[in-house]
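Heads up, the thing below is written out as C-alpha cells.
The values are calculated or read from the model by the stated rules, or taken from the named source; none is laboratory data. Owing to the predicted nature of the structure, the values given are computational and were not obtained by experimental measurement. Using ideal geometry, Cβ is built from the backbone for each residue, glycine included, and neighbour counts are taken over all protein chains shown. Heads up: the accessible areas ignore ligands, DNA and RNA and are worked out on the full protein's heavy atoms, side chains in. Shrake-Rupley method; radii C 1.70, N 1.55, O 1.52, S 1.80 Å.
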Amino acid sequence: MSKKALGQRGSWFATVDGIALPCVHNHWLKWPHYHDPFDPVENGPSLAKIHKYVQAIQHEKKVILTNDTVHRDAQGMLSGFTREGYVAMFEVDDVTFDPGIGLKFRITSKLSDLQ
C-alpha cells in the first residue's frame, strides 16, 4: 500500500505520516547510488541550507525520491527542478557531503511507494 507525501513549493522536504523527510531528485540516481553535485547556480542555495538538508538525511537515514522536470539555462546548464510527483520513500546509508563533490549516498531499501 502506498503512502501519501505532502510537500510545499520551494521546500526541499515533504511530510509522510507527519514526519518531514528530505526529497531527492530521480535525475541524480544511478541505482543504488545517488550523487547530486550541487553545481553552483546563480542565486543558488546557501551552504547553510545545504548543510541542514544533508544533516536531515544523515540523521533520519530516509529520503523521498521525486520525479521532476529539469530546467536548463540558455547555456544548457542545469538551473533547477520542478517537482512532478513522489516515487517512494527509501532508507539510505553512507551519506557524505563535500562542497567540491556534492551529496552522495547509497539506497539500502524501499520503505514505501508514495503518491
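Of the residues that make up the range 77-86, is at least one touching a Lys or Arg at 6+ places or on another chain (Cβ under 9 Å), of a type in the set (Gly, Ala, Ser), touching a residue at least 12 places away in the same chain (Cβ under 8 Å) and on the phi < 0 side of the Ramachandran plot? Yes, because at least one residue in the range 77-86 is touching a Lys or Arg at 6+ places or on another chain (Cβ under 9 Å), of a type in the set (Gly, Ala, Ser), touching a residue at least 12 places away in the same chain (Cβ under 8 Å) and on the phi < 0 side of the Ramachandran plot.
Among the residues of the range 84-92, are any charged (D, E, K, R) and at pLDDT 95 or above? Steps first, please.
Narrowing the range 84-92 to residues charged (D, E, K, R): 84, 91.
Filter once more, so that each one left must be at pLDDT 95 or above: 91.
Checking the range 84-92: at least one residue is charged (D, E, K, R) and at pLDDT 95 or above.
Please tell me if Ile64 is among the β-branched types (Val, Ile, Thr) and open to solvent by 80 Å² or more (accessible area, probe 1.4 Å). Answer is no for this residue. Scanning the range 8-27 for residues that are open to solvent by 40 Å² or more (accessible area, probe 1.4 Å), under 17 Å from Lys62 (Cβ atoms) and either of a type outside the set (Gly, Ala, Ser) or assigned to a strand (DSSP E or B) (or both) returns Trp12, Phe13, Thr15, Asp17, Ile19, Ala20, His25, Asn26.
For the range 74-84, filtering for residues that are surrounded by 12 or more Cβ atoms within 10 Å (Cβ to Cβ) and within 13 Å of the chain's Cα centre (by Cα) leaves 3. When each of His59, His71, His33 is tested for being open to solvent by 40 Å² or more (accessible area, probe 1.4 Å), at pLDDT 95 or above, more than 14 Å from the chain's Cα centre (by Cα) and farther than 22 Å from Met1 by Cβ, the lone residue that passes is His59. Being under 14 Å from His33 (Cβ atoms), assigned to a strand (DSSP E or B) and touching a Ser or Thr at 6+ places or on another chain (Cβ under 6 Å) is the requirement here; does Asp93 meet it? So Asp93 passes the test.
Output the residues belonging to the range 46-56 that are in contact (Cβ under 8 Å) with a residue 12 or more places away in the chain and either over 12 Å from the mean Cα position of the chain (by Cα) or open to solvent by 80 Å² or more (accessible area, probe 1.4 Å) (or both). Give the steps one after another, and end with the answer.
If we filter the range 46-56 for residues that are in contact (Cβ under 8 Å) with a residue 12 or more places away in the chain, which is where we start, we get 47, 49-51, 53-54, 56.
Correct list: Leu47, Lys49, His51.
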